[in-house]
Each structure stands twice: as structure tokens, then as C-alpha cells.
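Chemist: Pasting in a structure now, in C-alpha cells, and then I'll have a few things to ask.
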Amino acid sequence: MQFQQLVYFVAVAETRHFTRAAERVHIAQPSLSQQIRALEKELGAELFSRARGNIALTDAGEALLPLARRILADADTARREVQELAQLRRGRVRLGATPSLCTGLLPGVLRAFHDRHPGIELLIEESGSHDLVRELARGALDLALVVLPLPPASPALTTVELLREDLVVVTAPTAPTPRDPVRIADLADEPLVMFRHGYDLRELTVAACRAEGFEPRFTVEGGEMDAVLGFVRAGLGAAVVPAMAARGAGRDLRVTPLAAPGLRRTIALAHRSDVAPPRAAREVQRLLLESRV
């Protein structure tokens with residue numbers, strides 16, 4: 001049984017006329033009649049009685065008609081569902097990003113995407129870059145904003161550089177005024193508020209301190225971005241954070257640049273190399289890349 005045969009069958013059943021049915025489905029009448037006969041042969045029963053040109057459904061035809069209509073309706077629904085997804089009317093994007101990017105870069109980009117495609121659901125995973133790489137690898141994310149270079153033994157990911165961002169030192173306004181600009185060596189005597197293990201900023205800061213010959217001293221450690229900034233506001237210590245996060249933190253923090261050569265991080269868009277992102281995710285990717293300009 002072929003799908004198109006059901007289309008022809010329903011057309012004949014509704015018009016009760018082979019010629020008019022052929023006109024409706026845009027096929028020559030002999031071809032339509034041939035397809036109906038093939039369908040009847042396949043089913044082993046006549047579907048129409050054709051006495052003296054009067055077309056009527058047989059019992060077999062009556063039984064088939066509601067089933068055929070349901071099949072055609074389901075096919076039409078499937079077609080519309082796929083078309084809506086292809087045209088970005090429905091669907092979802094699973095996007096991962098570090099907390100600083102969730103508060104700094106993403107809001108404007110996601111607002112632009114939502115304005116254009118309000119039917120697409122946006123699912124955001126906020127975490128450190130190492131965790132996001134793992135989530136990409138297991139297929140839990142379509143796209144992620146990660147810090148380069150990728151961790152050793154990372155899965156096969158395709159990355160596109162998005163931005164490079166300076167790191168700065170934030171302190172509470174009530175804390176002693178730091179040297180401007182701050183040298184990494186100055187942090188040897190500065191109590192630090194530190195991110196949790198596995199956080200890229202933690203590893204970058206600790207590595208920079210060790211390169212200057214000292215181990216950093218932590219007063220509080222283990223937080224995410226909002227927690228770290230809150231602990232700094234409370235006067236528990238200084239923190240090294242991305243400039244974007246510092247700008248979005250408000251005026252209740254003192255922001256001081258790092259002395260040259262400073263510290264920078266490179267943010268890239270990543271997805272699995274073996275799986276192309278869905279179209280909606282590719283649209284988010286396009287908007288993010290445009291945001292670089």
C-alpha cells in the first residue's frame with residue numbers, strides 16, 4: 001500500500017467521481033483508476049462499486065475511509081511539525097556558558113534570538129568550561145561557550161574563537177586601595193576569594209601565582225561567580241575575574257587592571273565534531289559570532 005494511493009482513494013470517496021477526483025489530485029484519470037485498482041488488488045477487496053457509472057463505497061471502502069483519512073491527517077501533522085522546526089517556529093536550543101558570560105554576553109544575544117524566534121525554547125546550562133566540555137561530549141548540550149585551550153584528553157569538538165577578554169582584580173571599596181595596575185606578585189600578600197575546583201579562572205589564577213613563585217592564600221573558596229563577587233563585596237578578599245563580569249557587578253566593587261602582560265582568557269563556541277548542531281542552535285551561533293563585530 002502506497003501513501004499516494006490513499007490520497008487517490010480518499011479523493012474518489014469524497015467526490016464519488018473518478019474524473020473529478022483526478023482533477024483534484026492533479027493526475028490523469030486513467031492513472032488514478034490504475035492506482036485504485038492496484039490498491040484494491042493489494043487489499044484483496046473492491047473499494048468502490050461502479051454500477052452504471054454510479055460510484056459508491058463498498059463495505060471494504062467504508063472500513064478503509066476513516067483509517068485512510070487518519071493516516072493522511074497524521075502525515076500532514078508530521079509535515080507541518082517538521083516544517084515549523086525547519087523554519088525555526090518550534091524546537092529548543094541547549095546552550096552552555098560560564099556564569100560570567102551568562103550575565104555579560106548572553107542576555108542581549110538571547111533577547112535578539114527570542115524576538116526573532118519566540119517559539120524556540122532556550123535551555124541554559126551555567127557551569128565551568130571543563131564541565132561544559134563533558135556535557136557536550138555526552139550529548140546534553142548543542143552548543144557551549146568554553147575557555148581555550150580545551151582540557152587535555154577533551155573529546156573531538158569543533159571550536160570557533162569568539163572573544164578574548166582581560167582579567168581584572170576586584171576588591172571591596174572598604175579594602176585597602178591596591179596598586180594600580182596590580183602585579184601578579186602583589187597577590188602574594190592579598191587574601192583571595194577563589195572559585196571552586198574545575199573552574200577555569202581558578203586554574204588560570206593559581207598558575208599565574210605559581211609562575212611568580214608563590215602559592216595564593218584563600219580566605220574563601222568553592223563559589224560560583226555570583227558567590228565570589230558577593231564574598232568580595234563583604235570584604236573577605238580580592239578576586240581575579242573577567243572584565244565583563246566586573247563591569248556587570250555594579251559600582252559597589254573596586255576594579256583594578258592587571259599590570260602587563262596581564263592575564264587574558266579566550267572564549268570559543270564549541271560543538272561536537274561528529275554531530276552538526278540543530279538549525280536553531282546554528283542560528284544562536286550566528287548571532288553570537290555577529291556580536292563580535
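Chemist: Which of the residues spanning the stretch 248-273 are closer than 21 Å to residue 161 by Cβ and surrounded by fewer than 18 Cβ atoms within 10 Å (Cβ to Cβ)?
Modeler: Matches in the stretch 248-273: 261, 262, 264, 266, 273.
Chemist: Mind checking which residues of the stretch 242-290 are over 25 Å from residue 195 (Cβ atoms) and among the polar types (S, T, N, Q)?
Modeler: Across the stretch 242-290, the qualifying residues are 273, 285.
To keep it simple, each residue is scored yes or no on (1) in contact (Cβ under 8 Å) with a residue 24 or more places away in the chain; (2) out of contact with any Leu (no Cβ under 6 Å at 6 or more places or on another chain); (3) farther than 23 Å from residue 230 by Cβ.
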| position | (1), (2), (3) |
| --- | --- |
| 146 | yes, no, yes |
| 155 | yes, yes, yes |
| 160 | yes, no, yes |
| 175 | yes, yes, no |
| 180 | yes, yes, yes |
| 183 | yes, yes, yes |
| 188 | yes, yes, yes |
| 192 | yes, yes, no |
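Chemist: Check the stretch 152-172 and report whether any residue there is hydrophobic (A, V, I, L, M, F, W, C) and out of contact with any strand residue (DSSP E or B) (no Cβ under 9 Å at 6 or more places or on another chain).
Modeler: yes
Chemist: Now, a different point. I'd like the full set of residues that are out of contact with any helix residue (DSSP H, G or I) (no Cβ under 7 Å at 6 or more places or on another chain), within 21 Å of residue 111 (Cα to Cα) and open to solvent by 30 Å² or more (accessible area, probe 1.4 Å), limited to the stretch 274-284.
Modeler: Once the filter is applied, which keeps residues that are out of contact with any helix residue (DSSP H, G or I) (no Cβ under 7 Å at 6 or more places or on another chain), within 21 Å of residue 111 (Cα to Cα) and open to solvent by 30 Å² or more (accessible area, probe 1.4 Å), the stretch 274-284 yields 278, 282.
Chemist: Say whether the condition of being surrounded by 11 or more Cβ atoms within 10 Å (Cβ to Cβ), without any contact (Cβ under 8 Å) to a residue 24 or more places away in the chain, of a type outside the set (Gly, Ala, Ser) and within 30 Å of residue 117 (Cα to Cα) is met by at least one residue in the stretch 59-81.
Modeler: Checked the stretch 59-81: at least one residue is surrounded by 11 or more Cβ atoms within 10 Å (Cβ to Cβ), without any contact (Cβ under 8 Å) to a residue 24 or more places away in the chain, of a type outside the set (Gly, Ala, Ser) and within 30 Å of residue 117 (Cα to Cα).
Chemist: Then there is this: Restricting to the stretch 82-113, give me the number of residues that are open to solvent by 70 Å² or more (accessible area, probe 1.4 Å), in a helix (DSSP H, G or I), free of Cβ contacts under 8 Å to residues at least 40 places away in the same chain and over 30 Å from residue 241 (Cα atoms).
Modeler: 2
Chemist: Hey, does the stretch 225-239 have a residue that's open to solvent by 40 Å² or more (accessible area, probe 1.4 Å), modelled with pLDDT of 95 or more and charged (D, E, K, R)?
Modeler: Checked the stretch 225-239: no residue is open to solvent by 40 Å² or more (accessible area, probe 1.4 Å), modelled with pLDDT of 95 or more and charged (D, E, K, R).
Chemist: Here is a follow-up. Condition first: β-branched (Val, Ile, Thr) and over 22 Å from residue 8 (Cβ atoms). Now tell me which residues in the stretch 54-112 satisfy that.
Modeler: First, the residues of the stretch 54-112 that are β-branched (Val, Ile, Thr): 55, 58, 71, 77, 82, 93, 98, 103, 109.
Across the stretch 54-112, the qualifying residues are 82, 93, 98, 103, 109.
Chemist: Residue pairs, Cβ under 9 Å, 6 or more apart or interchain, first in the stretch 47-58 and within 9 Å of residue 16 (Cβ to Cβ), second part of a helix (DSSP H, G or I) and aromatic (Phe, Trp, Tyr). List them.
Modeler: Qualifying pairs under 9 Å: 48/9; 48/18; 55/18.
Chemist: While we're looking at this one, here's another question. For the stretch 37-49, indicate whether the set of residues that are exposed (fewer than 12 other Cβ atoms within 10 Å of the Cβ) and either touching a His at 6+ places or on another chain (Cβ under 8 Å) or at pLDDT below 90 (or both) is non-empty.
Modeler: No, the stretch 37-49 contains no residue that is exposed (fewer than 12 other Cβ atoms within 10 Å of the Cβ) and either touching a His at 6+ places or on another chain (Cβ under 8 Å) or at pLDDT below 90 (or both).
Chemist: Right, another one. Conditions first: (1) under 27 Å from the mean Cα position of the chain (by Cα); (2) at pLDDT below 90; (3) at negative phi. Residue 242 passes all but one, so which condition is the exception?
Modeler: Just one mismatch for residue 242, condition (2).
The values are calculated or read from the model by the stated rules, or taken from the named source; none is laboratory data. Model, not experiment: these values are computed from the prediction. All Cβ positions, even for glycine, are placed from backbone atoms using ideal geometry, and neighbour counts span all protein chains on display. Surface accessibility is based on the protein's heavy atoms, side chains included, excluding ligands, DNA and RNA. Shrake-Rupley method; radii C 1.70, N 1.55, O 1.52, S 1.80 Å.
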